[in-house]
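Undergrad: Following this message is one structure expressed as structure tokens.
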Amino acid sequence: MKIVLMIVTSLMMMLSYNALASSVDTYQFSKPEYEARFHDLNKILRCPKCQNQNLADSNSMISQDLRKEVFRMMEEGRSNDQIIEFMVMRYGDFVLYKPKVDKVTYFLWYGPIGFGVLGLLILITVVVRQRSKRTANDDTQQESNDHLSAQEQQALDKILGNEK
Amino acid sequence: MKRFVLFLPLILFIGLGAFLYKGLFLNPKAMPSALEGQPVPQFKLLTVTQGDRVVTKADLVGDYYLLNVWATWCAACKAEHPYLLDIARSGVPIYGINYKDDLDAASQWLSHYKDPYQFSAFDVNGQLGLNLGVYGAPETFLVDHQGIIRLRYAGVVDTRSWKVKFMPLIEDIKREMAESKA
């Protein structure tokens, strides 16, 4: 009984292992550092078909092909930049998850910083203006406190009862 | 002036709102093609129906022609097929690219549904498709007399898209050809 159970479980494990292996494409890299580069590239390249997945995530036909292509070019000794350029030539800037910095995307890249600076400038001017207004007000008040007009002095004297 | 400044945030808000509202109705799947304005890439492939014949870029001839990417696994290609037959009948040469398909299934498809293509290049591992920036089927390219891709259209070519997308460009190509001759 025990033996049967063992055979059954080992069979099941083998089957599940096979199922697992067949859904993931495996590559033999000629250099160990290629593997890390391969995974990095698949992360930053976007699947043209599935819009919000990168090549590593997607199991669509086109992603499988593009992964194969990345692998092939890497084994040919091409650099990451060359591989990325190859993809952009065919699929456009869309294929990059991180948009390039060029005149179309300047607003995208520097817009937030611009808005931040603008907001800061507005804040500073408002604060400075408020403050200078307040000190100006304080000054005039101070002056009027220091120097009573003749009329005011008279009224004060009257209240204090030291009318001469 | 001071009053105007007070309205500035509202104006900005309305502007942003209009911009984003418009964005709601854009088709996110409509991608600009990197290959429009580029020449058709080189290739060397067998065909689906013509046995040993090897076709290359030099076999694509015509004042203007269509390159149509199709496959038997592609359901939308079936819907597109009658339109392609109509277009071929109207005298526009169509070259097929049989994309990642099975040879028997593909030749059966052509004999069963009729063949609108001058020939169908048998792109079994998708290399030509990849060089064309194809990411699915059907896709159709309009190529001009100089072998430059003028339009890449992803999706089913029907009467409407033919009229709206293809016809104006074909008129342009005809005009350019007339001008270059004159």
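Undergrad: Classify region B:113-160: rounded, prolate or oblate, from the alpha-carbon gyration tensor (a ≥ b ≥ c, eigenvalue square roots; a/c under 1.5 rounded; otherwise prolate if a/b is larger than b/c)?
TA: rounded
Undergrad: To continue, here is another question. Taking a probe of 1.4 Å and counting only protein heavy atoms, give the total accessible area buried between chains B and A in Å², rounded to the nearest 100.
TA: Counting both chains, the buried surface is close to 1400 Å².
Undergrad: With the cut-off at 24 Å, tell me which of the pairs B:Lys78/B:Lys163; A:Lys43/A:Lys68; A:Lys103/B:Lys22; A:Lys31/B:Lys44; B:Lys100/B:Lys163 have Cα atoms farther apart than that.
TA: Too far apart for the 24 Å limit: A:Lys31/B:Lys44; B:Lys100/B:Lys163.
Undergrad: Another question, then. In Å and whole numbers, how far do the C-alpha atoms of the protein assembly as shown stretch along each principal axis, longest first?
TA: Computed over the protein assembly as shown, the largest-to-smallest principal extents equal 131, 87, 39 Å.
Undergrad: Do you know the relative contact order of chain B, to the nearest whole percent, from alpha carbon pairs under 8 angstrom that are 6+ apart? Intermediate values should be presented prior to the final figure.
TA: Numbers: 257 pairs, mean separation 45.8, N = 182.
Relative contact order comes out at 25 percent.
Undergrad: Can you list residues from other chains, or at least 5 along the same chain, whose modelled amide H is less than 5 Å from the amide H of B:Gly96?
TA: Under 5 Å from the amide H of B:Gly96: B:Asn68, B:Gln118, B:Phe119, B:Ser120, B:Ala121.
Undergrad: Tell me, what ³J(HN,Hα) does each residue in region B:100-112 have, in order and in whole Hz, if you take phi through Karplus 6.51 cos²θ - 1.76 cosθ + 1.60 with θ = phi - 60° and put x for Gly and Pro?
TA: Each residue of region B:100-112 in turn: 6, 10, 9, 4, 5, 4, 5, 6, 5, 4, 5, 6, 7 Hz.
Undergrad: Reported to two decimal places, what Rg/Rh ratio describes chain B when computed on Cα atoms with Rh from the Kirkwood expression?
TA: Reported Rg/Rh, Kirkwood definition of Rh: 1.15.
Undergrad: Still on this model: What Kirkwood hydrodynamic radius do you get for region A:22-95 when you take the inverse of the mean 1/r over all pairs of distinct Cα atoms, in Å?
TA: About 12.3 Å, per the Kirkwood formula over Cα pairs.
Undergrad: Still on this structure, I have one more. What does the helix-only formula give at 222 nm for chain B: each DSSP H stretch with n ≥ 4 adding -39500 (n - 2.57), the total divided by the residues, and the result rounded to the nearest 500 deg cm²/dmol?
TA: -12000 deg cm²/dmol
Undergrad: Follow-up question, since we're still on this one. Over region B:35-181, with every protein chain in place, what whole percent of the accessible area is carbon and sulfur at 1.4 Å, could you tell me?
TA: Within region B:35-181, the accessible surface is 51 percent carbon and sulfur.
The values are calculated or read from the model by the stated rules, or taken from the named source; none is laboratory data. Values in this document were obtained by computation on a predicted structure and should not be read as measured data. Calculation scope for accessible area: heavy atoms of the full protein, side chains included, ligands and nucleic acids excluded. Shrake-Rupley method; radii C 1.70, N 1.55, O 1.52, S 1.80 Å.
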